[in-house]
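K.L.:
First the structure, which I've put down as structure tokens, then a few questions once you've had a look.
Derivation of every value follows stated rules applied to the coordinates shown; laboratory data play no part. Quantities reported herein were computed from a predicted structural model and do not represent experimental measurements. FYI the Cβ positions are ideal-geometry reconstructions off the backbone, even for glycines, and counts take in every protein chain you see.
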There are 2 protein chains.
Amino acid sequence: MKVDRDAFVACYGGVYEHSPWVAERAWDGGIAEAGDLAPVFRRIVDRTGHEAQLALLRAHPDLAGRLAVGGLTAESAAEQAGAGLDQCTEAEFAEFSALNARYVEKFGFPFIVAVRGLDRAAILEAFRKRVEGTPEEEFRTALAQVHRIAALRISEKNVHPEVPRTPVERDDLLRLIGTALARNGASAACATAVAEMTLVAEGDGAHSHGVFRIPGYIAAMKAGAIDGHAAPRFISRQGAVLRYDAMRCAAPYAYDVTLPELARLTQELGVGVLSLANVAHFQAMWPETEWLAEQGLVGFACTANLPYLAPAGGTRPVFGTNPLAFAVPGNPPVAIDMASSTMARGDIMLAAREGRSVADGVGLGPDGLPTSDPAEILKGAQLPFGGHKGSAIALMVELLAGLCGGPYSDVAEDTSKVGLPVGAVFVMALSPEALGGEGALAEAQAFVERLRKVPGVRLPGARRHINRRKPGPLMVENKILAEVRALAGLD
Amino acid sequence: MKVDRDAFVACYGGVYEHSPWVAERAWDGGIAEAGDLAPVFRRIVDRTGHEAQLALLRAHPDLAGRLAVGGLTAESAAEQAGAGLDQCTEAEFAEFSALNARYVEKFGFPFIVAVRGLDRAAILEAFRKRVEGTPEEEFRTALAQVHRIAALRISEKNVHPEVPRTPVERDDLLRLIGTALARNGASAACATAVAEMTLVAEGDGAHSHGVFRIPGYIAAMKAGAIDGHAAPRFISRQGAVLRYDAMRCAAPYAYDVTLPELARLTQELGVGVLSLANVAHFQAMWPETEWLAEQGLVGFACTANLPYLAPAGGTRPVFGTNPLAFAVPGNPPVAIDMASSTMARGDIMLAAREGRSVADGVGLGPDGLPTSDPAEILKGAQLPFGGHKGSAIALMVELLAGLCGGPYSDVAEDTSKVGLPVGAVFVMALSPEALGGEGALAEAQAFVERLRKVPGVRLPGARRHINRRKPGPLMVENKILAEVRALAGLD
């Protein structure tokens, strides 16, 4: 399934209308097939001569004009229909035709506009204005529109194949997971906590952190990395800092015990920190920070894991993928949850299985050189998101978790043999009122509302929160469901 | 000074030995001239046919052999001399020659190895081993070495021109800055605090946050954005959270008053937060977190500023460049200080002045499309580092600073007219002992020491800490020095 030149050109050759040479030149010029293609394509066109640019403009269809006679690429036809250009009134059609004739006569190429998001009236309006421009202006404008069209077309190319799933009622799924865990070494309290957290992840559509993780939890219990019967033990409290030893219990159970304590402390002292050592953290981090947000508190959490990530400038894994989470109360809350790596390790594994390449900046091979081969990266090192700045975030996470009991990722061992880390989590809660007085939270929420309305912006956690509102059964991947049913002794 | 094809090929044509076609194809294929070139170049070679790859291998010099007769590119000559290959003993030279003859006879191309970091013994050792390999293995190995050489050569291409500077004794500089500030509206306490913080930045070699900022401070005082005679006012304390209103005083003065309070509170309660509203923050953030680290505390600080940064997916500026800082005690401390933008705004301004292009991902033009033209980005929007993850960090910073009093960057106004923001700072301090007990800090420091020894890794703040140890006068940019002397009434 490795992409080759023919496949790449077949996919992207139509991004610039009737001009596959752009995609061809990009391929030969070393483009990363999984990278950000639009600026590369744009520069290819910008660097070519005036003649080739003119030919590119001339390769475009007459707006509306050719609807009757065909000759559009599939992309153009869909775009023009989307703008309602296939439903012109007679008067509109007549004006389009007249403008077209004047425009082509004056400039020597057809009128080009990125129609997506525009209606017929807006397009006509732009047409009337642009036909009055100078040839130099209009050449630049037309080329800019061509680039905009190309960027939109590229952004629509990314589709992922769906895996087969089966609907399972929530209560049934909860029982199934609980049974699988309890039959394999978890106490009732541990099994319930993990099952509930798993259901939250599945309900949010975060399949990679849902039922998918249960076989790993169980393998880790069998390997002795997780103690299914342990309970978190209070170590000490200094002022607003609580210390617990989770005794290698699963994180969801540890949180059931410790987060209410943290929330109480924070309500009293304005800020509270939970230093939780020795916990098996194998799940998303948003459930703990979102739980704090539900109590009206700002939540922050982070943890280190296993040596997967090379620091910026380095070639060997030293940091973990070091996730951090942050939540602010709201309905829905703002809920950041992100690893410090460019790409999730699970997604790299998936790409390796499917023979796809990954983008530049995802990782290094065992030889320390950049590669887009995911199998090589798994043997080598992942890279932090955003270069040395993401590397600094990974370092901050490493130190906060390390100070809470470690181990530091460079010396962490995978005692579970399934990549399930046992280590420390740093959790902090803040009272919005303590920080900024009565109105502080409302102002933060007003900012978030303004942000939510910015076109193109999706707030962290938004997709999960939309999924969360969907009622009915959960869709579980068939393969995973069968595995968990077997672990529950049902098949 | 815009890079064109000829300049690009002149610069990078020798990265692959005697094979400028790689750089040419990269240019025509839309490479970002300011981006990460190595993986693009590598793919160009990997995607070309076996014949062209063989020709590339054959274009390489015989190791050592050609030293006597010339014919090396400048790059090769320097590399081979660096490995001491120009100082072979007669016996070594004889063995090199013999191995060379066998190798070329067997494989049909010369022995290629990335010599940087190796000595003659290591090279001979590799040579003896590789001459025994199969042709397929050795073709792959040779190509990998060629890529490694290219990556090293590319990484050495980045050099920046030095600006003219004058040595100034530290005490003289302190007095000069203090006088300039005091003559232009600052109280003695404010002038002293700002002058001292400026000297710290200059001493760290962080010129962009040093004397360079003084004219801006003064302009902001004249515009009424900074109040040079204000003093921070205590608002309230809830538990471990202190609230102050800085009354538009300059940040260094506000910290003189508030940070000792925060440190005391943190020593007592394990964690402390300073919510500092209404402060003119126009400096680096590391001085406050490093000051906390000097007290044995972990420090974290962040602030928002003016609408410069588009959220991931958006096209208009909404966030500030939103810096954050983090420090852990040590000698030197770990001291992260970074903006949430891909590139510092000052560096974009510099690139615009010098007519250089910037890398993909730095920003968008006013039309919302990606551009590598810095002048367009200054009119449009900067982008967060690391895509949606960096955008999430910018959002977290925005909310933490916003909760401390804002204003949120999307509605922040530049009352100073010189880009000096007045807003809130969130500062947190943590006691390492409260988090992890007696040994926690020592273990963190041991981790940092291991990290410091990882080849290629430079810890955040390391360059500043090296500069800090240099004794003697500070080197101040002539142009800035003249400006500050004028403001101090000296010229």
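K.L.:
Shortest first, in nm, what separates the label point of B:Pro455 from those of the same position in the other copies (7 Å along Cα→Cβ)?
P.N.:
5.1
K.L.:
Using a 10 Å cut-off around each Cβ of peptide B:310-316, what is the average number of partner chain Cβ atoms that fall inside?
P.N.:
So the per-residue partner count for this stretch is 5.
K.L.:
Here's something else I'd like to know. Reachable lysines from A:Lys157, Cα under 23 Å, same-chain residues fewer than 8 places away excluded?
P.N.:
Filter leaves A:Lys2, B:Lys389.
K.L.:
Can I ask one more? PRE reach from A:Arg183 (point 7 Å along Cα→Cβ): which of region A:454-491 fall under 12 Å by backbone N?
P.N.:
A:482-491
K.L.:
Helix-only estimate, please: 222 nm mean residue ellipticity of chain B, summing -39500 (n - 2.57) across DSSP H runs of length 4 or more and dividing by its residues, to the nearest 500.
P.N.:
Helix contribution divided over all residues of chain B: -14500 deg cm²/dmol.
K.L.:
Further, regarding this structure: Computed FRET efficiency, Cβ-Cβ of A:Asp347 and B:Leu350, R0 35 Å: what is it to the nearest 0.05?
P.N.:
On the way: r = 37 Å, r/R0 = 1.06.
Efficiency at R0 = 35 Å is approximately 0.40.
K.L.:
Compute the helix-to-body angle for B:120-130: its Cα long axis versus the longest principal axis of chain B, expressed 0 to 90° and rounded to tens.
P.N.:
60
K.L.:
What's the whole-number percent of alpha carbon pairs in region B:154-260 lying beyond 19 angstrom?
P.N.:
More than 19 Å apart: 51 percent of the Cα pairs in region B:154-260.
K.L.:
Indicate, rounded to the nearest 5 percent, the antiparallel portion of the DSSP beta bridges found entirely in chain B.
P.N.:
Just about 85 percent of them are antiparallel.
K.L.:
Within 10 Å of each Cβ of A:26-39, how many other protein chain Cβ atoms are there on average?
P.N.:
Per residue, the average neighbour count from other chains is 6.
K.L.:
While we're looking at this one, here's another question. Using only Cα atoms, tell me the angle between helix A:170-182 and the longest principal axis of chain A; keep it within 0 to 90° and round to the nearest 10.
P.N.:
50
K.L.:
Please list, in order along region A:144-154, the HN-Hα scalar couplings obtained from phi with the Karplus expression 6.51 cos²θ - 1.76 cosθ + 1.60 (θ = phi - 60°), rounded to whole Hz, x for Gly and Pro.
P.N.:
Rounded to whole hertz, the list is 4, 5, 4, 5, 5, 4, 4, 4, 5, 5, 4.
K.L.:
Rg to Rh for region A:5-155: what is it, with Cα atoms only and Rh by Kirkwood?
P.N.:
0.97
K.L.:
Quick one: divide the alpha-carbon radius of gyration of the protein assembly as shown by 2.2 N^0.38 Å and tell me what you get.
P.N.:
Compared with the compact-globule rule of thumb, the protein assembly as shown sits at 1.01.
K.L.:
Here is a further query. Could you work out how much longer the chain between A:Lys157 and A:Glu413 gets when fully extended? Use 0.36 nm per residue separation minus the Cα distance between them, nm to one decimal.
P.N.:
88.1 nm
K.L.:
Ok, one more. Which chain A residue hugs the A-B rotation axis most tightly by its Cβ, and what is that distance in angstrom, to the nearest whole number?
P.N.:
A:Gly29, 1
K.L.:
Can you give me the Cα centroid spacing of region B:257-324 and region B:466-491 in angstrom?
P.N.:
With region B:257-324 and region B:466-491 each reduced to a Cα centre, they are spaced 27 Å.
K.L.:
Leaving out same-chain residues fewer than 8 places away, which lysines sit with a Cα under 30 Å from that of A:Lys129?
P.N.:
A:Lys106, A:Lys453, B:Lys379
K.L.:
Partner chain Cβ atoms within 10 Å, averaged over the residues of A:434-444 - can you pull that number for me?
P.N.:
For peptide A:434-444, the averaged partner shielding equals 6.
K.L.:
Right, next: What are the ³J(HN,Hα) couplings of region B:420-436, residue after residue, when phi is run through the Karplus curve with 6.51, -1.76, 1.60 and θ = phi - 60°? Round to Hz, x for glycine and proline.
P.N.:
Taking θ as phi minus 60°, the curve returns 9, x, 10, x, 10, 10, 9, 10, 10, 10, 10, 8, x, 5, 4, 6, x Hz for region B:420-436.
K.L.:
Determine ³J(HN,Hα), in whole Hz, for all residues of region B:340-350 in sequence, where each value follows from phi through the Karplus function 6.51 cos²θ - 1.76 cosθ + 1.60 and θ = phi - 60°; x replaces Gly and Pro.
P.N.:
Calculated HN-Hα couplings, in order: 7, 8, 4, 10, 5, 4, x, 6, 5, 4, 4 Hz.
K.L.:
For a quick check: with amide H placed at 1.01 Å from N, whose amide H comes under 5 Å from B:Cys249's, ignoring anything fewer than 5 positions away on the same chain?
P.N.:
So B:Cys249 has HN proximity to B:Asp227, B:Ala280.
K.L.:
How far is A:Arg128 from the same spot in each other copy, in nm, shortest first, if each label point sits 7 Å from Cα toward Cβ?
P.N.:
8.6
K.L.:
Follow-up question, since we're still on this one. Separation of region A:335-392 and region B:207-253 by C-alpha centroid, Å?
P.N.:
Distance between centres, Cα-based: 42 Å.
K.L.:
With the label 7 angstrom out along Cα to Cβ, how close does B:Ala7 come to the same site in each of the other copies, in nm, nearest first?
P.N.:
For B:Ala7, the inter-copy label distances come out at 3.9 nm.
K.L.:
Taking the alpha-carbon distance from A:Lys222 and a cut-off under 19 Å, which lysines remain once sequence neighbours fewer than 8 residues away in the same chain are dropped?
P.N.:
Within the straight-line cut-off, A:Lys222 pairs with A:Lys417.
K.L.:
Largest first and in whole Å, what are the equivalent-ellipsoid semi-axes of region B:260-377 based on the Cα gyration tensor, each being the root of 5 times an eigenvalue?
P.N.:
Output for region B:260-377: semi-axes of 35, 15, 11 Å.
K.L.:
A further question follows. How are the alpha carbon pair distances in chain A distributed across 20 Å bins from zero to the largest one, expressed in percent?
P.N.:
Answer for chain A: a P(r) of 20, 43, 28, 9, 0 percent.
K.L.:
As an exercise, use a Förster radius of 22 Å and the Cβ-Cβ distance of B:Lys453 and B:Glu125 to find the FRET efficiency, rounded to the nearest 0.05.
P.N.:
0.35
K.L.:
Right, another one. Sort out for me the Cα centre separation of region B:85-143 from region B:420-444, rounded to whole Å.
P.N.:
Using only Cα atoms to place each centre, the spacing works out to 53 Å.
K.L.:
Give me D for region B:337-394 in µm² s⁻¹, whole number, from Stokes-Einstein with Rh from the Kirkwood sum over alpha-carbon pairs, 10 °C and 1.306 mPa s.
P.N.:
142
K.L.:
Can you tell me the 0 to 90 degree angle between the C-alpha axis of helix B:478-487 and the longest principal axis of chain B, rounded to 10?
P.N.:
Taking the Cα atoms of chain B, the angle to B:478-487 is about 10 degrees.
K.L.:
Separate question: How long is the gain from B:Thr89 to B:Ala446 if the chain were fully straight, where each residue apart is worth 0.36 nm and the alpha carbon distance is subtracted?
P.N.:
Length difference between fully extended and current span is 124.2 nm.
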